[in-house]
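In what follows, a structure is listed as C-alpha cells, so that the remarks can point back to it.
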Amino acid sequence: MVVAIGNASKNGIVMKSSESIERIHQIDTVVFDKTGTLTKGEMEIAESKFLGDKAEYLNILQSLEEKSSHPLAKGICRSGVDLFERFEVEDFEEIAGLGISGKIQGMTYFAGNRKLFEIKGIKNIFEKEATQFAKNGESVVYFGGELGMFGVVGLKDTIKPTAKTMIQELKERHKRVVMLSGDDYRTAIRVGEELDIDDVFAERSPKDKLEKMKELNQRQNVLMVGDGINDSPSLRSAAIGVSVANRNRY
C-alpha cells in the first residue's frame, strides 16, 4: 500500500486513503462531469444575441459574472468588452444549478440557464438562437432582469486532446462510461457524440447529480471524475471520487 501510494504521488495522483486501492478493481462504471473535466473549461463567447446595445448589456452581464467562479462566468468575463467601468453589484446570489442574480443601480438582473428563467416566470424570447448555439456545441447562458430577457450568449469550449483516447481505452476494458452534466442537454449530447459516450445525463443541478450518482452507485461500483468544488457531494457519494486539480491534464 505504501509503495503504491508513493508511486501514485510521483505521477501526480494524491490519494486520500488506501481504501481507493482496495476498491478500484470493483469499478465497472466511470462517470465524468463535462466542463473542465472532459473539456478544458477555457470558454469564450462564440455567438451572442441582445435586444439592444450589445456592449452595454455585455458590460452589465460581465459585472454580474465577475462575482462568480463558475467556468461559464470566467468565459463571459474573458470575452467581454473593456469600454466601460464595471458596475457595482449588490445582493449578489449564486443559485445552485441555475445561475446568478444581483442588483445593479436598483434593478435586479439574472444570468443562467433556461430553468432559472422558467422559475422566475420570465418569457424565453431567445429559444431559437439558444437552440442553434447548442447545436453548434456551445454552452448557453441567458441574461435578463425584472423587465424580461435581454440576451443570450453561446460559449465555446474545447475537448481535451486526450479525452477521446481515454474513453476508448475504458470501453476496451469493458467499463461503462457516463457523462453527468449541468449543461444544456443539446450541448451535452453534441459533446457525447464527439467522444462516443452513449449514456449522457444533462441539465442536472448539483442535487440532481447527487441523486443520479446514488442510483448508479447502488452496488458501490462507480468512479466519478469531476470538479472538486461544484461536484463535491457527487464525488463523495461515489465508490471512488476523483477531483481533477490541473484541468489541462489527467
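The values are calculated or read from the model by the stated rules, or taken from the named source; none is laboratory data. All values reported here derive from a predicted model rather than from experimental measurement. Heads up, the Cβs are rebuilt from the backbone with ideal geometry, glycines too, and the neighbour counts pull from every protein chain shown.
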Candidate set: segment 149-198, residues that are touching a Gly at 6+ places or on another chain (Cβ under 8 Å) and either more than 27 Å from Glu47 (Cα to Cα) or hydroxyl-bearing (Ser, Thr, Tyr) (or both); chosen: the one surrounded by the fewest Cβ atoms within 10 Å (Cβ to Cβ): Asp198
So Ala55 clears everything in (1) at pLDDT below 90; (2) closer than 20 Å to Gly112 by Cβ except one condition, right? Which one? (2)
Pairs needed: first member in segment 156-176, touching a residue at least 24 places away in the same chain (Cβ under 8 Å); second member anywhere, among the basic types (Lys, Arg) and surrounded by 11 or more Cβ atoms within 10 Å (Cβ to Cβ); C-beta distance under 8 Å; at least 6 residues apart or different chains. Asp157/Lys40; Thr158/Lys40; Ile159/Lys40; Lys160/Lys40
Hey, among Glu118, Glu138, which residue is surrounded by 23 or more Cβ atoms within 10 Å (Cβ to Cβ) and acidic (Asp, Glu)? Glu138
Within the group Phe110, Phe126, Phe143, which residue is farther than 19 Å from Lys67 by Cβ and surrounded by 20 or more Cβ atoms within 10 Å (Cβ to Cβ)? Phe126
Lys207 passes all but one of the listed conditions (1) surrounded by fewer than 15 Cβ atoms within 10 Å (Cβ to Cβ); (2) out of contact with any Pro (no Cβ under 9 Å at 6 or more places or on another chain); (3) under 26 Å from Phe110 (Cα atoms); the exception is number (2)
Quickly run through segment 25-50 and pick out the residues that are modelled with pLDDT under 95 and part of a loop (DSSP other than H, G, I, E, B). Asp33, Lys34, Thr35, Gly36, Thr37, Leu38, Lys40, Gly41, Glu42, Met43
Tell me which of these Gly97 doesn't satisfy, since it passes every other one: (1) on the phi < 0 side of the Ramachandran plot; (2) assigned to a loop (DSSP other than H, G, I, E, B); (3) not assigned by TED's automatic domain parsing to the domain that holds Leu170. (1)
As an exercise: evaluate Met43 against (1) closer than 16 Å to Ser243 by Cβ; (2) touching a residue at least 60 places away in the same chain (Cβ under 8 Å); (3) of a type in the set (A, V, I, L, M, F, W, C) and give the number of the one condition it does not meet. (1)
Is there a residue being closer than 26 Å to Ala239 by Cα, at pLDDT 95 or above and not in a strand (DSSP E or B) anywhere in segment 110-118? no
Please specify each residue of segment 207-236 satisfying the condition of being among the hydroxyl-bearing types (Ser, Thr, Tyr) and out of contact with any Leu (no Cβ under 6 Å at 6 or more places or on another chain). Ser232
Mind checking which strands (runs of 3 or more DSSP E) fall wholly inside segment 188-250 and carry at least 2 residues that are β-branched (Val, Ile, Thr)? 222-226, 240-243
Out of everything in segment 214-228 that is of a type in the set (A, V, I, L, M) and within 16 Å of the chain's Cα centre (by Cα), what residue ends up being surrounded by the most Cβ atoms within 10 Å (Cβ to Cβ)? Met224
For segment 126-155, give me each residue that is among the aromatic types (Phe, Trp, Tyr) and outside any strand (DSSP E or B). Phe126, Phe133
In segment 1-41, how many are of a type outside the set (A, V, I, L, M, F, W, C) and buried (at least 16 other Cβ atoms within 10 Å of the Cβ)? 10
Meets criteria (under 29 Å from Met224 (Cβ atoms) and in contact with a Leu (Cβ under 6 Å, 6 or more places away or on another chain)) for Val3: no
When segment 1-40 is checked residue by residue, the ones that are among the charged types (D, E, K, R) and free of Cβ contacts under 8 Å to residues at least 24 places away in the same chain are Lys10, Lys16, Glu19, Glu22
